[in-house]
Amino acid sequence: MENTGNFTTKIIPLLDEKAKWYDTEELPRLLEGYRLLHACVKTLFDFLVKKSLITPDPYKLDKKINDIKAPESKQFVETERSVVMGQRFSDYESMLDFLSNYYKFSTAHLNLTNIKKLMELNNSFHWANFTINNSKTNTRVLANIVAEGRQSSDTLTSSMIGDSLSKATKAMNDITAILKDYTEFRKEFYKGQIRRNVFTQSGFSAEKAFSSPTEELAQIKKNFAAGMGKATFISELIDEIIQEDQGEKKEEAQNKALSKMTINSKKQKAKQEEKVDTKAMLIDAILTLGGLPSVLQAILEKVKANHDIHESSNMTFFDKFKRALRKAFNLEEPPLYYPIIIVEHGTGAKKHEKINYNQFIADIATKAKRYTIFTQKKSQGYAKITSMDENKLFDFLSAQITDCNRLLVLLNSLDDFFKAATKAQDRSRIKGLKIDITNMKNIVVKTNQRRSDYASYVEEREQMKRLGISI
């Protein structure tokens, strides 16, 4: 009995210390893992919807999520693939969004029951074995769908999807490792709570309990509800408590439990000594713009098509005659300007501008070519960019973001112009730019967020230095 009291005195503070470590270190890391996974899944989901390979759940926004639930995994007929996988993958993405933005990752909330729910969700899709031969229905079918989408995509888009799959695998590996260790801790924490809350109940007779294993089990059962409330009675873990108190190898069992409370000091030290590579943060932000070439190419083709439709629709006989003469005498076409209206964001003020059409499409083509360099790590252009110092990199990145935002404004206005200025009988032939503009905007927003993360970190570091604190 005395030995048991000493063990309880030792284990309780260690449990509290490790719980604090999980709350401040490991569980925030777990949250970041789910956020990375969600970003990858969202990229895949949007890609498959754009390719019309899955049908998004029309009731997605109406569903209220209050708890963790894995999507359905039953077999289904092939003809229903687009709709069924659209709903399941949509449910999976929504659940990851819930975890990333609303779920509370803390030792007070993340108990063994909730860990089980997370593990079931994690098993919905096997990212580490994402193949068309996977034995699990959801993984196998989704892998087939993604493979189909990549086959009909350009190299850059296919590479982007491959990168998302790779990052999803890494995120899930990190999540699984953290949850595995945390599960072991929660078992010890559960046992500690029984020692803390059940053994201290007025109805708990220590004299009877420690007279025999049978009596200890009887006393725990008798006082369990009073000490543990609605917690589940886990026989396996209760038996471990009794073995630690009265088993033939109780000292070995106690030492094993105490050893589990050791915080990985090497890992902590490494984390403290880890220095953030701020230049790498900037390069990572710049590389995000590598997703723009395919988007800009699609925009370029639509703008050219819309230009041809508009000119054909509005050209008079005299205009056609003048064009024929210029072609016959090999004369250059005069500059063509399109009058557009720009609505300023925030104020709603309208401003009239003119776009030089030929110069505009040449500028888009130049940008597409420039951003392709960001995906060619062995090119001279890439080497030149990465050799810049941080200040020049930051200025270069800021200039690209400003340039892209300006282009987005012009594209929105030009889209409106084509739709309004083309004659009614030809207006249905005009190719809308809104989806492409949204795709471009998403890339620019992500790039800008990474630039902001860099700027915030540098500012925080400078403030710490002024206070005499190194980070």
To make sure I understand the rule: partners must be lysines, Cα under 16 Å from the Cα of K221, and not fewer than 8 residues away in the same chain. Which ones qualify? K191, K208, K230
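Over region 8-139, with every protein chain in place, what whole percent of the accessible area is carbon and sulfur at 1.4 Å, could you tell me?
Values: 3700 of 7030 Å².
Roughly 53 percent, rounded to a whole number.
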Run through every distinct alpha carbon pair of region 10-156 and return the Kirkwood hydrodynamic radius in angstroms, one decimal place. 16.9
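Using the structure shown, select from K18/K180; K69/K180; K367/K419; K51/K431; K74/K117 the pairs with a Cα to Cα distance greater than 21 angstrom.
On the way: K18/K180 15 Å; K69/K180 19 Å; K367/K419 25 Å; K51/K431 17 Å; K74/K117 18 Å.
Beyond 21 Å: K367/K419.
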Give the long-range amide H neighbours of I355: residues separated by 5 or more places, or on another chain, with amide H under 5 Å away, using H modelled in the peptide plane at 1.01 Å from N. Y338, I340
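Please report the relative contact order for the chain, taking Cα pairs under 8 Å with a sequence separation of at least 6, and give it as a percent rounded to a whole number.
Details: 436 pairs, mean separation 69.9, N = 471.
Taking the mean separation of contacting Cα pairs over the length of the chain, I get 15 percent.
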Rounded tilt (10° steps) of 155-193 against the dominant C-alpha axis of the chain: 20
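For the peptides 84-94, 112-122, what is the packing order when you average, over each peptide's residues, the other Cβ atoms within 10 Å and list the highest mean first? If you can, show how the numbers build up before the last one.
Values: 84-94: 21.3, 112-122: 15.5.
Answer by packing, highest mean first, reads 84-94, 112-122.
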Starting at the first residue of region 58-67, write each ³J(HN,Hα) from the Karplus equation 6.51 cos²θ - 1.76 cosθ + 1.60 with θ = phi - 60°, in whole Hz, x for Gly and Pro. x, 9, 3, 6, 8, 7, 9, 9, 10, 8
Percent relative contact order for region 117-241, counting Cα pairs under 8 Å at least six residues apart, stands at 16
³J(HN,Hα), Karplus 6.51/-1.76/1.60, whole Hz, each residue of region 22-35, x for Gly, Pro: 5, 5, 9, 10, 6, 5, x, 5, 4, 4, 4, x, 5, 5
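The values are calculated or read from the model by the stated rules, or taken from the named source; none is laboratory data. Computed from a predicted structure; not experimentally measured. We place every Cβ from the backbone using ideal geometry, glycine too, and count neighbours over all the protein chains shown. Heavy atoms of the whole protein, side chains included, go into the accessibility calculation; ligands, DNA and RNA do not. Shrake-Rupley method; radii C 1.70, N 1.55, O 1.52, S 1.80 Å.
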